[in-house]
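Okay, so here's the structure we're looking at.
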Amino acid sequence: MKTNNNIGIIGTGSYLPKKIMTNYDLEKIVDTSDEWIYTRTGIKERRIAEGESTSDLAFKAGLKAIESAGIDRDEIDMIIVATMSPDQPTPATACLVQKKLGCRQIPSFDISAACSGFIYGLSMAYAYISSGLCKKILLIGAEKMSSIIDWEDRSTCVLFGDGAGAVVVGEVDNEGILGFSLGSDGSGAEKLIVPSGGSVLPITKERLEKRENYIKMNGSDIFKFAVKKLPEIANNILKELDMRTEELDYMIPHQANIRIIDSANKKLKLGKEKILVNLNKYGNMSAASIPVALDESIDSKKIKKNDTILLIGFGGGLTWGTSVLKSSI
Ligand code: ACO
């Protein structure tokens, strides 16, 4: 979908918990090695939140985004938190963030689209603002993945990390967000799943013993899905917006595995220097990975005003989402 309003990102922020867990630390927990993790994924270390919940991470990133936008918290009309590791199934983590930020009694809710959550949230923020229902929306991707991974399962626990990235979406003085494309395929739902804890398999002692309250993932199927989908959806949105790959200054893909990113880049022929990667430092932070990379690249002045950026998310659901925007800051 091509957009035609001057709506974009007016502020960014991120927060990473202090504790660093390296691949060597993981060698002491499960039967793995730095060599296996690094060569298979590109991950060297990740952050782990101790004594902080998802809403704490989200609050700290959100506060920085509001400060970066140079606005008062009372100007925020809505809070959206994209997460697959909420504080609790209910209330929404966004409501806890609303309280921690001391915002007005504005609508606040979570969305669940796994690693595509930030792009889904961006499209919702865009839609609310372009319809006139809101002027400024705080959108946060926040995850405490360490609370939903099985620390006895080496095939998943080495992949994920904790963190939060946030943006304030509002009216901008350039083109801002140029378009979106989102999709899902529920036939792949079981490929990345937390089986127990919902209405199908409520938590019982037996299910806890079987560790069904943690993420189960078919890594190789997700890998194949991502390798195929990433270049396909990138090309689709460029076609829809009548743009060429060369017009992109940067691409921020979801940070799951460097081999997925490299394989997509081979097909897209974007150039390694245009792809922003942080998974070596943070692992897969699901909905937080894109906004954290965006914030760090804007903060370090790598991304400059009017740079054209392609954001790509993919993950559990299965879901995917892309957006192209002109940086407004
Ligand atoms: N350390 C050492 N050995 C391991 C580890 C580990 N941490 N994990 C698995 N292995 C072993 C396996 O047991 C297997 O051994 P076997 O051959 O004796 O059976 C071997 O390594 C190979 O395992 P594979 O699963 O085939 O390894 P692969 O090369 O596919 O890499 C990986 C696995 C990294 C998980 C990859 O499949 C991947 O990145 N998949 C995508 C995951 C992803 O993107 N998930 C997130 C989606 S986003 C979201 O929505 C949250």
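Data overview
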read-out	value
Rotationally averaged projected area of the stretch 1-93 (alpha carbon convex hull; nm²)	9.8 nm²
Within the chain: Cβ-based charge dipole about Cα centre, in debye rounded to nearest 20 (Lys, Arg +1; Asp, Glu -1)	380 debye
Orientation-averaged projected area, Cα convex hull of the stretch 132-192 (nm²)	6.9 nm²
Cross-link table Lys19/Lys229; Lys28/Lys269; Lys2/Lys267, entries beyond 30 Å C-alpha to C-alpha	Lys19/Lys229; Lys28/Lys269
Global size of the stretch 196-329 as Cα Rg and Dmax, reported in angstrom	17.3, 55
Burial ranking of peptide ranges 260-267, 12-19 (average Cβ count within 10 Å, highest at the top)	12-19, 260-267
Projected-area average for the stretch 117-274 over all orientations - Cα convex hull basis, square nanometres	11.8 nm²
Set of lysines near Lys305 by C-alpha distance (under 17 Å), chain-local residues within fewer than 8 positions excluded	Lys274, Lys326
Most mobile listed residue (Leu182, Leu26, Leu208) in the chain, GNM with C-alpha springs under 10 Å	Leu208
Beta bridges by DSSP in the chain, antiparallel share as percent, to the nearest 5	70 percent
Options Ile148, Met217, Leu138, ranked by Cα towards positive dipole end of the chain, top entry (Cβ charges)	Met217
FRET efficiency, 1/(1 + (r/R0)^6) with R0 41 Å, evaluated for Lys19 and Ala127 via beta carbons	0.65
Cross-link reach list, aspartates and glutamates versus Lys266, counting only Cα pairs under 18 Å and skipping chain neighbours closer than eight places	Glu232, Glu246, Glu247, Asp249
Among Gln88, Ile76, Gly161 the positive-end extreme of the charge dipole of the stretch 58-173 (Cβ point charges)	Ile76
Count of Lys pairs (Cα-Cα under 21 Å; at least 8 positions apart or interchain) in the stretch 88-220	10
Note, ³J(HN,Hα) from phi for the stretch 101-115, Karplus 6.51, -1.76, 1.60, rounded to Hz, x at Gly and Pro	6, x, 6, 4, 7, 8, x, 9, 8, 9, 10, 10, 9, 6, 6
Cα-based Rg of the stretch 50-201 normalised by 2.2 N^0.38 Å, two decimals	1.09
Selected from Thr22, Gly62, Leu230, residue furthest toward positive end of dipole (the chain; charges at beta carbon)	Leu230
q = 0.22 Å⁻¹: log10 I(q)/I(0) that the Debye formula gives for the stretch 1-43, counting C-alpha atoms only	-0.81
Gain on full stretching of the segment that runs from Met1 to Ile203 - 0.36 nm per residue minus C-alpha separation	68.7 nm
Sparsely packed trypsin sites (Lys or Arg not before Pro) within the stretch 197-235, loop by DSSP, other Cβ within 10 Å at most 15	Lys210, Arg211
Length-normalised contact order of the chain in % [C-alpha pairs under 8 Å, at least 6 apart]	27 percent
Extension gain (nm, one decimal) between Lys99 and Lys267, 0.36 nm per residue minus Cα-Cα	56.0 nm
Stretch gain in nm, segment Asn280-Thr90, where the contour uses 0.36 nm per residue and the Cα spacing is subtracted	65.1 nm
Ranked packing of 278-291, 103-116, most packed first, by mean Cβ within 10 Å	278-291, 103-116
Fraction of alpha-carbon pairs over 34 Å apart in the chain - percent	18 percent
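Rule-based calculations on the coordinates, nothing more; no lab input. Please read these numbers as outputs of a predicted model, since none were measured by experiment. Every residue, glycine among them, receives a Cβ derived from its backbone with ideal geometry; neighbour counts consider all protein chains shown.
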